[in-house]
1. Any chance the range 76-83 includes a residue that's under 22 Å from the mean Cα position of the chain (by Cα) and exposed (fewer than 10 other Cβ atoms within 10 Å of the Cβ)?
2. Hey, could you check the range 87-103 for residues that are in contact with a Leu (Cβ under 9 Å, 6 or more places away or on another chain) and not hydroxyl-bearing (Ser, Thr, Tyr) and say which is farthest from residue 52 (Cα to Cα)?
3. Can you tell me which residue within the range 57-72, out of those that are surrounded by 17 or more Cβ atoms within 10 Å (Cβ to Cβ) and touching a strand residue (DSSP E or B) at 6+ places or on another chain (Cβ under 8 Å), is farthest from residue 110 (Cα to Cα)?
4. Of everything in the range 84-107 that's basic (Lys, Arg) and in contact (Cβ under 8 Å) with a residue 12 or more places away in the chain, which residue is most open to solvent (accessible area, probe 1.4 Å)?
5. Within the range 15-49, can you find the residues that are at pLDDT below 75 and in contact with an Asp or Glu (Cβ under 9 Å, 6 or more places away or on another chain)?
6. Working only within the range 108-121, note down all residues that are open to solvent by 80 Å² or more (accessible area, probe 1.4 Å), at pLDDT below 95 and over 19 Å from residue 94 (Cβ atoms).
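The values are calculated or read from the model by the stated rules, or taken from the named source; none is laboratory data. Being a predicted model, the structure only gives us computed values, none of them experimental. Cβ atoms come from the backbone with ideal geometry, glycine included; neighbour counts cover every protein chain shown. These accessible areas exclude ligands, DNA and RNA; they are computed on the full protein's heavy atoms, side chains included. Shrake-Rupley method; radii C 1.70, N 1.55, O 1.52, S 1.80 Å.
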Amino acid sequence: MAALRETPIALERLDLCSDCWTGFDKAGLLGFWQTTMHPPTVKKALFVDDELLCELFERLSDAAEPAKVNFRFVLGLILMRKRRIVYESTRHEGEKEIWSVRFKGREELLDLLNPRLQEQDLAEVSAQLGEILNGEL
């Protein structure tokens, strides 16, 4: 069983086995639901593959809205970690920090604006990415 409760710091998800659920104190829970936990050795299927993430990164290249710029930046970091995008250099245009990156195997340089994300921005983008990557749309 999975449950959600509010603590003074944040919302907290609790995962309990069926046997533990019967004796668990359910007071103060915001909600609960039954779920299936797969063994840690089972790789979770992703909703999107790397190719789709690369395509999304390219399509957002002209985005100007802060939420989309933030999303593209974090997506770029993920693609760098997956070694799909290669960092080349950084340049400054006034207050803006722009990274030059390229897809592995390509020569064309792409601009990636570093929006200097704040903690709240990171939380929002992380939630969006979690929904996409885990197929919870």
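1. The answer is yes; a qualifying residue exists.
2. Among those that are in contact with a Leu (Cβ under 9 Å, 6 or more places away or on another chain) and not hydroxyl-bearing (Ser, Thr, Tyr), it is 96.
3. Checked the range 57-72; the qualifying residue farthest from residue 110 (Cα to Cα) is 69.
4. Ranking the qualifying residues of the range 84-107, first place goes to 104.
5. 35, 37, 47
6. Within the range 108-121, 118, 119, 120 meet the criteria.
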